[in-house]
Amino acid sequence: DAGVIQSPRHEVTEMGQEVTLRCKPISGHNSLFWYRQTMMRGLELLIYFNNNVPIDDSGMPEDRFSAKMPNASFSTLKIQPSEPRDSAVYFCASRRLAGGNEQFFGPGTRLTVL
Amino acid sequence: AQSVTQPDIHITVSEGASLELRCNYSYGATPYLFWYVQSPGQGLQLLLKYFSGDTLVQGIKGFEAEFKRSQSSFNLRKPSVHWSDAAEYFCAVGPNNAGNMLTFGGGTRLMVKP
């Protein structure tokens with residue numbers, strides 16, 4: 001079975017540019033999470049969706065960040081405009097709501113904003 | 001509110017030695033408990049989980065963990081560490097009803113000496 005798929009794996013951009021990160025959850029999973037990981041702050045939950053509906057976005061840093069889940073097999077995290085402090089590894093994770101809360105993580109997208 | 005504490009930020013052990021990584025949690029009811037491992041440049045991989053029943057749970061790669069309700073702990077153990085176990089380890093706690101998020105500890109970075 002394919003795991004959680006994230007693209008791109010690496011992204012280098014310049015300050016002020018728009019960045020879009022993509023995630024395809026595991027087939028059959030109906031809950032999706034976006035996390036950010038940095039050395040300074042560790043692993044932070046940004047937002048999560050159940051059945052494509054955002055449940056908790058309190059971790060989204062500011063209005064520059066937005067996330068969508070238009071269908072059960074695709075989600076995006078957008079940063080516009082990007083800033084150097086957004087540099088981090090962004091992880092997507094998915095789970096099956098009836099599966100006991102176990103999350104499966106993607107390989108991450110390493111974002112560098114110059 | 002739920003919380004997870006991993007008191008040891010870094011641990012170094014010799015190859016072949018035993019290992020115990022500590023995890024303490026705060027949660028008002030019976031939690032679901034997890035240990036994840038993150039190798040450099042990779043996403044988080046589930047090692048083991050506790051939902052109910054036997055308080056000693058076995059996981060992949062020879063790891064086990066013991067749930068001790070009286071101590072609010074879920075420590076991870078391995079009798080003999082291999083060099084490939086060098087990674088970062090995360091403990092997580094969540095409610096026993098799917099649909100809500102997990103809370104992750106700050107992680108413990110394990111280094112293995114030859």
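The values are calculated or read from the model by the stated rules, or taken from the named source; none is laboratory data. Treat the numbers as computed from the prediction; the structure is a model and nothing was measured. Glycine also receives a Cβ, built like all others from the backbone with ideal geometry; neighbour counts cover every protein chain displayed.
Between B:Gly41, B:Gly59, B:Gly16, the distinction of being at pLDDT below 95 and either of a type in the set (Gly, Ala, Ser) or out of contact with any strand residue (DSSP E or B) (no Cβ under 9 Å at 6 or more places or on another chain) (or both) belongs to B:Gly41 only. Answer yes if at least one residue in segment B:56-74 is surrounded by 14 or more Cβ atoms within 10 Å (Cβ to Cβ) and in contact with a helix residue (DSSP H, G or I) (Cβ under 6 Å, 6 or more places away or on another chain), and no otherwise. Within segment B:56-74, not a single residue is surrounded by 14 or more Cβ atoms within 10 Å (Cβ to Cβ) and in contact with a helix residue (DSSP H, G or I) (Cβ under 6 Å, 6 or more places away or on another chain). Checking every residue in segment A:68-87 against the condition of being crowded, with 16+ Cβ neighbours inside 10 Å, in contact with a strand residue (DSSP E or B) (Cβ under 9 Å, 6 or more places away or on another chain), small (Gly, Ala, Ser) and in contact (Cβ under 8 Å) with a residue 60 or more places away in the chain gives at least one match.
Note on segment B:26-35: residues that are within 14 Å of chain A (Cβ to nearest Cβ), in contact with a strand residue (DSSP E or B) (Cβ under 6 Å, 6 or more places away or on another chain) and either assigned to a strand (DSSP E or B) or at pLDDT below 85 (or both) amount to 4. Taken over segment B:36-57, the criterion of being part of a strand (DSSP E or B), under 11 Å from B:Ala87 (Cα atoms) and more than 10 Å from every other protein chain (Cβ to nearest Cβ) is satisfied by B:Val37 alone.
Just one of the listed residues (A:Leu45, A:Leu21, A:Leu32) is more than 12 Å from chain B (Cβ to nearest Cβ) and under 26 Å from B:Val37 (Cα atoms), and it is A:Leu21. Determine, yes or no, whether A:Phe91 is within 14 Å of chain B (Cβ to nearest Cβ) and in contact (Cβ under 8 Å) with a residue 40 or more places away in the chain. Here the answer is yes, as A:Phe91 does meet what is asked. The residue list B:Glu88, B:Glu66 contains one member that is in contact with a Lys or Arg (Cβ under 7 Å, 6 or more places away or on another chain) and in a strand (DSSP E or B), which is B:Glu88. Of all positions in segment B:85-108, none carries a residue that is more than 14 Å from chain A (Cβ to nearest Cβ), modelled with pLDDT of 95 or more and surrounded by fewer than 17 Cβ atoms within 10 Å (Cβ to Cβ). Looking at A:Asp57 and the list (1) closer than 20 Å to B:Trp35 by Cα; (2) surrounded by fewer than 18 Cβ atoms within 10 Å (Cβ to Cβ), which single condition is not satisfied? Failing condition for A:Asp57: (1).
For the condition touching a residue at least 12 places away in the same chain (Cβ under 8 Å), more than 14 Å from every other protein chain (Cβ to nearest Cβ), assigned to a loop (DSSP other than H, G, I, E, B) and crowded, with 19+ Cβ neighbours inside 10 Å, B:Val81 qualifies. Which condition number in (1) hydrophobic (A, V, I, L, M, F, W, C); (2) closer than 21 Å to B:Ser3 by Cα; (3) within 11 Å of the chain's Cα centre (by Cα) is the one that A:Cys92 fails? Only one criterion in (1) hydrophobic (A, V, I, L, M, F, W, C); (2) closer than 21 Å to B:Ser3 by Cα; (3) within 11 Å of the chain's Cα centre (by Cα) is unmet by A:Cys92, namely (2).
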